[in-house]
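Have a look at the structure below before the remarks.
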Amino acid sequence: MIFEEMKHPEWKAAFLRKRREAVNSDPMEVESIEAYILTDRFDADLQRLIEGDWYFEPPTLILLPKGKSQKKRKVYRYTDENKILLQYLSFMLMDRYDDRLPDSLYSFRKTYPSWKLFRSIRNNDPHRRKYVIQADISKFGESIDPELLDGKLKQMLSDEPEVYRFIMWLITRNIYYRKGKLEKGFTSVLPGNPTTAFLQNIYLLDIDRFMAENVRICSRYSDDICMICDDAGTAERLMRELRERIAGFRLSLNEEKSGIVPPGEAFDLLGIKFAPDTMDIADNTYAKVCGRMKHRADNICRQVKKGCFTREEGLELMAMHIHDYFYGPGEEDWVSWTDRFFPYITTTERLKRLDHLSQECLRYVATGRRTNAKYRYRYPEIRETGYVPLVRAYYSYLEKRNDHPRNSRM
C-alpha cells in the first residue's frame, strides 16, 4: 500500500535524493521537505489519509503571466506541507506504475528513454525526407474531464483503492481560495497539483496506443504529440483521426502549434531541433535558456545596486549559476543540461551563441554596464571565474565519446 510505504525510511531517503538531484534544486526547499517528512507529524498525516480523513486545505488560485502575452494561466497552490505530501505521492506513483506505460510516452517517466526516440529518428530519417505530425493539446491540464479520468485511474490504481479515492476527491471537490475568499468552480486536475503529471499520462493512454498501432516512430510528452509518417496521404489521414480522437476526450488542439511538417523542414521535439543532416538545440529550449540567463544577470545587478552584496560577490554568483545550470554538481545518475544535449546534437551553432550570452552576462554583472564599456572586463578575467565554454566542453565530450555509456546506445 503506497501510503504505508511512504512511511518507510528507504522510500523517504529515495524521495529526498531525487529532490536534491533535480535540475535547479533549491537547497532551502529540500531542507523544508526533509524537516517535514522525517517527523512523526508526517507519518500521522499519512495515517489520516489511510483512515479516510482527507484533511487537505483547498488550494489558492494564482493567475500567472503566460509568456509575453496578456493571457494568464491558472495555478493552484497548496499549503507547504500539503504540497510536499503530494510531491512524495507523485514520486511513488511514477515509480510504481512506470512499467505499465507505453514506450512512446516520455513525460515524467522513471527513466528518460529519449535517446531511443532520437536514435530512431536519426536512423530512419537522417535527411528529413518524411512527413511529421506535430500536435499540441490546448489547455490540457485544466480541460481534463474528471468523469473520463475516473475509470482510467480506477483501473490503473486497482491495487490502491485508498489512493484512487483520495485523488478523485482532490480533483472533484472544486473549491479553492481566490484573493482570500473561498470560491466554487471547475478545477479539473488542478495545474499546480504535483500529481497532475501522472494523471495526464493516464488520461491519454488510448492516444498513445493509437499512435503505436499506426506508425513506427511516435512520441507524447504531456500535451505534445509527434508521429513520423512515410507519405503525405498517411500523415493527412492520421492527423484527421487524431483530431477526432482528441475531441472524444473532450479536448481540442492548439491549431497554431499543430500541423504536418513536410520533408526538408526542421521541427522541434523534446528539446532537440531536427533539420536535414543536423540535430541542434530546439528553438523554444534555446529561447528559455537565454531568458533565464538574462533574468538572473538583471536580478544580480539589482541586488548589487541595492547593496545586498558587492559586485565581486555578484560576479561569483553569476559564474556559479552558469556553471551549475549547464554542468550541474549532481550525483552519478543525475542528468545535467549538457548530459541532456551533448549526446544528440551534431552542430555547435547554438552552443556558440550560448557561450556568447554567458560571457555578456558575466561582463554585465562585472561592470554594471550594457554598453561597450562592459568589454573592459576581458576574456582572461572571465576565465578566472571558472567559466567553462560550452563549445570546448562539447568537443571534450566528443573526444571521450567512445567511452560514454549513453553514446554506445546511440
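Couple of notes before you dig in:
- Contact order, relative form, for the chain: 16 percent (alpha carbon pairs under 8 Å, 6 or more residues apart, mean separation divided by residue count).
- Across the range 1-143, the relative contact order, built from alpha-carbon pairs under 8 Å that are at least six residues apart, equals 17 percent.
- Short-range pairs are left out: with C-alpha atoms under 8 Å and at least six residues apart, the relative contact order of the range 163-212 is 22 percent.
- Stretch gain in nm, segment Val391-Asp26, where the contour uses 0.36 nm per residue and the Cα spacing is subtracted: 128.7 nm
- The distance between label points at Arg369 and Arg240 comes to 6.4 nm (points 7 Å beyond Cα on the Cα→Cβ vector).
- Per-residue extension of 0.36 nm, minus the Cα-Cα distance of Thr172 and Glu384, leaves a gain of 70.7 nm for this segment.
- Estimated inter-spin distance, His295 and Glu265, nm [label 7 Å along Cα→Cβ]: 3.0
- Under the span-like rule (Cα at least 20 Å along the axis, Kyte-Doolittle mean at least -0.5), DSSP H helices of the chain: 80-97, 311-326
- The length gained by stretching the chain between Phe186 and Arg401 to full extension, at 0.36 nm per residue less their Cα-Cα distance, is 72.3 nm.
- In terms of the mean number of neighbouring beta-carbon atoms within 10 Å, the peptides 239-245, 313-319 order highest first as 313-319, 239-245.
Each value in this text was obtained by applying a stated rule to the coordinates, not by laboratory testing. Not measured: the values here are computed from a predicted model. Backbone-built Cβ (ideal geometry, glycine too); neighbour counts: all protein chains shown.
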